[in-house]
Amino acid sequence: MEELLKKYDREPAQKSIEALLADIVAHVNALTPAVLHNFGLGTGRGGAILLNCHYARLTGNDEFYEVAEKLLLESIDALNPVKYKAILSNYYGDLSEFGTLISYLEENGHLNQDTGFSFYEFDNLLIDRVQTNIEQKNFGIGTGALSISSYLLRRLDNSPEVYRCTLDLFEAIYKAAEGDKENGYYWTTNYFEEPRVYTGLAHGNAMIINFLCSIHAKGIEKERCEELMRYAIKFLLLNQIDPVQYGSNFPLWVGRNEETKNHCVVYGDIGTVYAIIKAAQILKDSAYLAEAIILAYDTVTRHRKEDTTLLDASIKYGVSSPYLVYNRIYQLTGIEAFKTAANYWFDQISEMNTADNEYLGFNSHFFKKYPEGQLGFGYGLAGIGLVFMQHLSEGALSINEFTWIP
């Protein structure tokens, strides 16, 4: 009887989400021509393209593929750097996102016409960019070499040049590792005014571990990948802070022993423990895996919406973020507590549309002054709609690859 009641409780909620999703898709499509001028995924038309492709697949309505194809052709026409305006984005990052998106759409049967898109032109531009980033020792996932890593991973099996570039990137990361086997390995972030040793998925050890997991899965330098992963995890675990005092098990960066309420894919414990869990499974290290799961449990019990800095529904900085990460941790571990945590955060998404604005009540907290932020994938409506579809499709329409948690 209890399960039956739960079923009937969910059905009205699902219908409400489906109605809100339909409104989101219609709204994004209405505003995209005037708002999303660039071609990237995060704050450009790439997010609207993915939204329409997934909605076409979810609903079986091919009219949304027609919308996506029109946006795709317009985006290809906008690739000229002369036409590009950097707003919450950068040209090379957007190239990487767009190339990754095209590869994903082709692989998953979303494109049925020849777009005239050439990966080889992208290869040359992005390889040069990675080499420049390597020279600058900028491995960042925002503006550095790892901002192009998803593209490299999708292309390395098809391009010897991209494969060599990926090897070069690994070698640079290997040589840049600091520390030792007793205290663990770490990487200093030098692209901020103050050099810092970050811990998380955006700039730190977890970011490096995450990339190493991906190239390890491709069979690249597996032994040395495992060495780096093992001692990068060790460094993280040796540099924990008191969660009772600071509200977090890891500082944002080493030496920043302050209250930390971040709880998203960009900053916070959940991204870090996700990377440790993933790497520990590859390493078959039961001790590291057990400790990471304990830390993940701690984030579940410690964080509710009112105890965090999550002030909108977005993927990068809002309540969609812990939904995606906990769901990914559940996929990796099969532990029901993380599925329950994911569902809790999913339920918070539709509660966030309380603003009086033109974005269906959703309001990007950090980027409210930027229409591209309000409407796009990373910080706004397009991303929220795609999260709804991942949930409604029970993961068949996953966006993990586009949110740093492949």
How many residues of the stretch 288-320 are in contact with a Leu (Cβ under 8 Å, 6 or more places away or on another chain), over 25 Å from Phe235 (Cα atoms) and of a type outside the set (Val, Ile, Thr)? The answer is 2
Within the stretch 177-217, take every residue that is of a type in the set (A, V, I, L, M, F, W, C) and touching a strand residue (DSSP E or B) at 6+ places or on another chain (Cβ under 8 Å) and give me the one that is nearest to Leu228 (Cα to Cα).
Ala177
Counting only residues that are among the basic types (Lys, Arg) and closer than 20 Å to Pro322 by Cα, the stretch 241-269 contains a total of 1
Given (1) among the hydrophobic types (A, V, I, L, M, F, W, C); (2) free of Cβ contacts under 8 Å to residues at least 12 places away in the same chain; (3) more than 23 Å from Asp242 (Cβ to Cβ), index of the condition Ala290 fails:
(3)
The stretch 242-290, subset more than 21 Å from Trp345 (Cα to Cα) and β-branched (Val, Ile, Thr), residue surrounded by the most Cβ atoms within 10 Å (Cβ to Cβ)
Ile276
If you scan the stretch 131-177, which residues turn out to be within 23 Å of the chain's Cα centre (by Cα), among the basic types (Lys, Arg) and over 16 Å from Thr188 (Cα atoms)?
Arg154, Arg155
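Only one of these is touching a residue at least 40 places away in the same chain (Cβ under 8 Å), part of a loop (DSSP other than H, G, I, E, B), out of contact with any Lys or Arg (no Cβ under 7 Å at 6 or more places or on another chain) and of a type in the set (A, V, I, L, M): Ile173, Ile141. Name it. Quick ask: steps written out before the conclusion?
Values: Ile173 fails: part of a loop (DSSP other than H, G, I, E, B).
Every option except Ile141 fails the conditions.
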Tell me which residues, restricted to the stretch 384-405, are surrounded by fewer than 17 Cβ atoms within 10 Å (Cβ to Cβ), under 16 Å from the mean Cα position of the chain (by Cα) and not in a helix (DSSP H, G or I).
Gly395
Among the helices (runs of 4 or more DSSP H) lying completely within the stretch 259-348, list those that include at least 2 residues that are under 30 Å from Ser89 (Cβ atoms) and out of contact with any Phe, Trp or Tyr (no Cβ under 9 Å at 6 or more places or on another chain).
269-283
So the check is Cβ under 7 Å with 6+ separation or different chains; which pairs have a first residue in the stretch 232-249 that's at pLDDT 95 or above and a second one that's β-branched (Val, Ile, Thr) and part of a helix (DSSP H, G or I)?
Ala232/Ile208; Ala232/Ile209; Ile233/Ile209; Ile233/Ile276; Leu236/Thr272; Leu236/Ile276
Which one is surrounded by the most Cβ atoms within 10 Å (Cβ to Cβ), of the residues in the stretch 350-383 that are farther than 19 Å from His37 by Cα and touching a Gly at 6+ places or on another chain (Cβ under 8 Å)?
Phe362
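Which of the residues belonging to the stretch 208-254 are of a type in the set (Phe, Trp, Tyr), more than 21 Å from Glu171 (Cβ to Cβ) and outside any strand (DSSP E or B)? Quick ask: steps written out before the conclusion?
Filtering the stretch 208-254 down to residues of a type in the set (Phe, Trp, Tyr) leaves 211, 231, 235, 246, 250, 253.
Filter once more, keeping what is more than 21 Å from Glu171 (Cβ to Cβ): 246, 250, 253.
Selection gives Tyr246, Phe250.
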Residues Gly361, Gly378, Gly373: which one is under 29 Å from Ala232 (Cβ atoms) and either of a type in the set (Gly, Ala, Ser) or free of Cβ contacts under 8 Å to residues at least 12 places away in the same chain (or both)?
Gly378
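For every residue, the table says whether it meets (1) surrounded by fewer than 22 Cβ atoms within 10 Å (Cβ to Cβ); (2) at pLDDT 95 or above; (3) in contact with a Phe, Trp or Tyr (Cβ under 9 Å, 6 or more places away or on another chain).
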{"site": "Ala78", "(1), (2), (3)": "yes, no, yes"}
{"site": "Pro81", "(1), (2), (3)": "yes, no, yes"}
{"site": "Tyr84", "(1), (2), (3)": "yes, no, yes"}
{"site": "Tyr104", "(1), (2), (3)": "yes, yes, yes"}
{"site": "Gly116", "(1), (2), (3)": "yes, no, no"}
{"site": "Ser150", "(1), (2), (3)": "no, yes, yes"}
Return the only residue of Leu156, Leu228 being surrounded by 15 or more Cβ atoms within 10 Å (Cβ to Cβ), in contact with a Phe, Trp or Tyr (Cβ under 7 Å, 6 or more places away or on another chain) and under 17 Å from Lys278 (Cβ atoms).
Leu228
Need the failing condition index for Thr354 against (1) under 30 Å from Ala22 (Cα atoms); (2) at pLDDT 95 or above; (3) of a type in the set (Ser, Thr, Tyr), just the number.
(2)
In the stretch 37-63, how many are of a type in the set (Ser, Thr, Tyr) and touching a residue at least 12 places away in the same chain (Cβ under 8 Å)?
2
When you check Gly179 against the structure, is it part of a loop (DSSP other than H, G, I, E, B) and not aliphatic (A, V, I, L, M), yes or no?
no
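The values are calculated or read from the model by the stated rules, or taken from the named source; none is laboratory data. Computed from a predicted structure; not experimentally measured. Positions of Cβ are backbone-derived with ideal geometry, glycine not excepted, and every protein chain shown enters the neighbour counts.
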